[in-house]
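Encoded as structure tokens, the structure appears first; notes follow it.
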Amino acid sequence: MTEVSSPEEVDSGPSGRERMNRAHGVPSGTVRWAWATVTSMRTALVLLLLLGVAAIPGSVLPQRPVNPFGVTDYLTAHPTWGPWLDRLGFFDVFGSVWFAAVYLLLFLSLIGCIIPRCLTYAQAWRAQPGAVPRRLARFADHAAGSVRVPPVEILDAGERHLRGAGYRVSREEHGLSAERGYLREAGNLVFHLSLVVLLAALAWGSLFSFRGTAIVVEGQAFSNTLTQYDEFHSGVGFSARQLVPFTVSLDDFEVQFETGATQRGAARLFRAHVTVSRPGLAPTGELLEVNAPLSLDGTSVHLLGHGYAPVVTVRDGNGDVAFSGPVVFLPQDSNFTSHGVIKAPDARPERLAFEGVFLPSAVADPVNGLTSVFPDAWNPQLLLNAWAGPPKAETGSPENVYVLNPTGLTQLTKDTGDPLRSGLQIGTTFTLPDGRGSVSFDGLQRWTKLQVSATPGGWLVLASVLIGILGLTVSLLVRPRRLFLRIGRGESTQVEVAGVDRVDGRPGLGEAVAQLARAVGLDPPRADGVGAEGSAEGQATLAGTDVAERAPSKDDPRQERS
Amino acid sequence: MSAYYSNLAMVTSAVLYLVALIVHSLEWALARGSATNERSPREDLLGRLGLSVTMVAAAVHVFAVVMRGIAAQRAPWGNMYEFITSSLAMAVVIYLVLVFRRGLSWLGLPVTLLAAIGQGLAVTVFYVNVAPLMPALHSVWFVIHIVAAALSGAAFSIGGLAAVLYLLKARGERRAAPLNGYLRRLPSAAVIDRLSYRFHAFALPLWTFTIAAGAIWAQFAWGRFWGWDPKETWSLVTWIVYVAYLHARATAGWKGTRAAVLAVIGLATFWFNFIGVNLLFSGLHSYAGI
């Protein structure tokens, strides 16, 4: 993950990093070989690409943590290779051993590279630029001439100019060596270190985070205890003490859908009016919207979904109310055709149960019968099948409220033998045959699905990402440059200046050299080849040649334009 | 009314880009076999004509994007059609600025090719009528996240096109025979490589920021900053490919051709993330669909 610091190093066999590892006295033999391999740039590059490829199946195949039903469907549809994919972890790619192996190796490689570089950087923190090269003429950006000024004044003028331009300058008896752009390596190191911190923060967060959902009907409330959740996932380090005590009551839920021709039926507004109660605090009214979660002592409450809860009353054969209240129906399509089950286990002499469909905007379709044509409640209808059976002893074992278990129940039928089917509108009652009781559709309420979650260490994730971006930007924007000045030892003051960019991609090196030349009183003759205009194409890399100069442009190619 | 003008202007810009593409193709065709560095007067004329048509097309294009925003009364990048047209407008404007400031007119053919294909697909395949946003998009991050994505998309696109030109030029330079035709007119492979790198060096931090901003938004909207949604996964894959490109440029044996190939793969990944992922996979970003 290192960047080779100068062009010359690149062309010579092993990367700079491999050599660096050798220099840092890693133990000899196989271990040394393995370490050098793991931390080599080529390995890092291959691991990086491997990580990218390994992530792809996670987007193509259904993933169990996100979409467990999709996985079941896939396994049913592909009985031959489905189980093999399952065994190999393809339905939980991002939790699989092989995915973890790739990124852990990558981070090992990264750490192995970054630590020696940090040490080197720390040692070089206040280091002076290296000695002036012996032959400045070998640099493509180079100027020379004689100046009628004493050598000391030339060096003074050069140093003043370089320091003014932000260079670190080391002065020798017969020359100046200047360098700038030290922040590049710093930015690079900060970026890589922040990736390590990010991984640690994510690991920490996944240990202690939790996320649960609960369906809350209008007029009802959710209290933050484990038993109130419909679904709950947490890291291995989670403890119930992390659940801060609060209660959220849903007072009213507003929805609006697109009624125009374009995107008809698309959601336009979700707004939940809630009351939040916390111990020791007065209850407060809050607004909960999709992009505006509630934040309660580090726990977030998000609005994730909504649906309908028809309010029904079931009377039994004795004429007593066996059940009364809203029943949550789960939406099946974008027009909120919803499915649900009403259970009246306390009905006597027979217990009753109903299974059916709720249609918020029912329209009779000649082919499909009644269907919902819009998600809002314009013409709510409740279609129910009825079941009856002898009373069942209370076992106390939990039961899925959305599924009807027909054991011990008989579906009620018409005289023709077809299943009995009620069509209810708000305010109507359907009486069951043979004095078994009745069911009334009294009204309609909405429910919302709330998600309660907390991710400890989230701030560290955010901080490491932001600092990482900063480091990355600095490392890509700062481009190190070295400038040299050498004066002749003879009687006449012969002056040479030259420059080199340690990474390419930066324009204006020729101009920087020319400025230095002018600052010491040298008028660089154009013919001297500042910018290596005359050199062969493709050989001009060292020269920091500007992009424009190869293009048919009227501009002076030496002009700095950045 | 502004929606009507926007549609009219968008189609017009697609046609104009096509015209500019044809003119630039003729310019390249005229250079065939030429073994000198001098452009013939006719070639020069076609080059300037192509640039002029591109400028008109860009003006019409930007007008169309602005009118779309006025018609929708929000930022014009709420679906695939709007995202593609906005991002391409940014790419063409960046190209034009660089033509005048840095003499990048040699990118004319690939940029007009991209714009003609992109705008052509946008107005035919991806077009949707103006509509308000769904509640999940009502956020300040809608502007931040998507502007960053569109801008990095524009920069990646130009950098990727430059990488393709680099591959052509470098192959030509490796041959013993002297180059002729348009490849001869291009800057040296080293210069193209450096230009391509600069676009990527600009785009990658921005793309990293795009992903981070998306994660912050996801935390607000869905209560988790990362959930391996297909769009999130492919954003990460894109990021990884571009990071690999930057590292490859500094690795012996990888710099040059292999690095440029990675840049091209990165661009393919980027556009697959914006088009393919919406069409092929269902995920939380599906509101960005057609």
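When B:Ser87 is tested against the conditions (1) within 14 Å of chain A (Cβ to nearest Cβ); (2) over 29 Å from B:Arg39 (Cα atoms), the lone failure is (1). Taken together, the criteria exclude B:Arg171 from residues that are of a type outside the set (Asp, Glu), under 17 Å from B:Val264 (Cβ atoms), assigned to a helix (DSSP H, G or I) and within 12 Å of another protein chain (Cβ to nearest Cβ). For A:Ala272, indicate whether it is within 14 Å of another protein chain (Cβ to nearest Cβ), in contact (Cβ under 8 Å) with a residue 24 or more places away in the chain and within 27 Å of A:Val327 (Cα to Cα). When the stated conditions are applied, A:Ala272 passes them. Flag: A:Val290 matches the condition of being in contact with a strand residue (DSSP E or B) (Cβ under 7 Å, 6 or more places away or on another chain) and closer than 18 Å to A:Ser453 by Cα. Output the residue which, of all residues in segment B:231-245 that are facing chain A (nearest Cβ under 8 Å) and not aromatic (Phe, Trp, Tyr), is farthest from B:Phe156 (Cα to Cα). My answer is B:Thr233. Contact map, segment A:357-379: residues that are crowded, with 17+ Cβ neighbours inside 10 Å paired with residues that are basic (Lys, Arg), Cβ distance under 9 Å, separation 6+ or inter-chain. Pairs shown: A:Phe374/A:Arg264; A:Ala377/A:Arg446. Selection of first residues in segment A:234-249 that are not assigned by TED's automatic domain parsing to the domain that holds A:Ser295 and of second residues that are surrounded by 15 or more Cβ atoms within 10 Å (Cβ to Cβ) and in a strand (DSSP E or B), restricted to Cβ pairs under 8 Å at least 6 apart or on distinct chains, gives an empty result.
Taking the numbered list (1) over 20 Å from B:Asn273 (Cβ atoms); (2) not in a helix (DSSP H, G or I) in turn, B:Gln219 passes all entries but (2).
Filtering segment B:222-238 to residues that are of a type in the set (Lys, Arg) and either part of a loop (DSSP other than H, G, I, E, B) or touching a strand residue (DSSP E or B) at 6+ places or on another chain (Cβ under 9 Å) (or both) leaves only B:Arg224.
Can you name the number of the only condition in (1) buried (at least 23 other Cβ atoms within 10 Å of the Cβ); (2) under 32 Å from the mean Cα position of the chain (by Cα) that A:Val497 fails? The number of the failed condition is (2). The residues listed here are B:Trp106, B:Trp77; of these, the one that is under 17 Å from the mean Cα position of the chain (by Cα), hydrophobic (A, V, I, L, M, F, W, C) and outside any helix (DSSP H, G or I) is B:Trp77. Do the conditions hold for A:Glu185, that is, is it farther than 30 Å from A:Glu286 by Cα, surrounded by 19 or more Cβ atoms within 10 Å (Cβ to Cβ), charged (D, E, K, R) and modelled with pLDDT under 95? Considered against the rule, which asks whether it is farther than 30 Å from A:Glu286 by Cα, surrounded by 19 or more Cβ atoms within 10 Å (Cβ to Cβ), charged (D, E, K, R) and modelled with pLDDT under 95, A:Glu185 comes out as yes.
For B:Ala149, the test of being in contact (Cβ under 8 Å) with a residue 12 or more places away in the chain, part of a helix (DSSP H, G or I) and closer than 30 Å to B:Phe220 by Cβ is passed.
Within segment B:210-230, being within 7 Å of chain A (Cβ to nearest Cβ), buried (at least 22 other Cβ atoms within 10 Å of the Cβ) and touching a residue at least 24 places away in the same chain (Cβ under 8 Å) holds for B:Ala221, B:Pro230. Annotation note: of A:Val53, A:Val60, the sole residue that is closer than 24 Å to B:Ile240 by Cα, within 10 Å of chain B (Cβ to nearest Cβ) and at pLDDT 90 or above is A:Val53. Pairs linking a residue in segment B:116-137 that is more than 7 Å from chain A (Cβ to nearest Cβ) to a residue that is surrounded by 15 or more Cβ atoms within 10 Å (Cβ to Cβ) and aromatic (Phe, Trp, Tyr), with Cβ atoms under 6 Å and 6 or more positions apart or on different chains, are B:Ala116/B:Tyr17; B:Gln119/B:Tyr17; B:Ala122/B:Tyr81; B:Phe126/B:Tyr81; B:Tyr127/B:Tyr81; B:Val128/B:Tyr81. For segment B:109-126, filtering for residues that are surrounded by fewer than 17 Cβ atoms within 10 Å (Cβ to Cβ) and in a loop (DSSP other than H, G, I, E, B) leaves 1.
As a summary of the residue check, A:Glu258 satisfies the conditions (1) within 12 Å of chain B (Cβ to nearest Cβ); (2) without any contact (Cβ under 8 Å) to a residue 24 or more places away in the chain; (3) out of contact with any Gly (no Cβ under 7 Å at 6 or more places or on another chain) except for the one numbered (3). Can you find even one residue in segment A:280-292 that is in contact (Cβ under 8 Å) with a residue 40 or more places away in the chain, surrounded by fewer than 18 Cβ atoms within 10 Å (Cβ to Cβ), away from chain B (no Cβ under 14 Å) and under 25 Å from A:Ser223 (Cβ atoms)? No. Is it the case, given these coordinates, that B:Ala58 is farther than 30 Å from B:Leu280 by Cβ and either surrounded by 23 or more Cβ atoms within 10 Å (Cβ to Cβ) or away from chain A (no Cβ under 14 Å) (or both)? In short, yes. With respect to the conditions (1) on the phi > 0 side of the Ramachandran plot; (2) surrounded by fewer than 20 Cβ atoms within 10 Å (Cβ to Cβ); (3) at the interface with chain A (Cβ under 8 Å from one of its Cβ atoms); (4) not β-branched (Val, Ile, Thr), B:Lys255 lacks only one, and its number is (1). Whether a residue is farther than 26 Å from A:Ala463 by Cα and surrounded by fewer than 23 Cβ atoms within 10 Å (Cβ to Cβ) was assessed, and B:Val261 passes this test.
When segment A:50-68 is limited to residues that are assigned to a helix (DSSP H, G or I) and surrounded by fewer than 17 Cβ atoms within 10 Å (Cβ to Cβ), the one that is nearest to the chain's Cα centre (by Cα) turns out to be A:Ile56.
The values are calculated or read from the model by the stated rules, or taken from the named source; none is laboratory data. If you're wondering where the values come from, they're calculated on a predicted model, not measured in any experiment. Backbone-built Cβ (ideal geometry, glycine too); neighbour counts: all protein chains shown.
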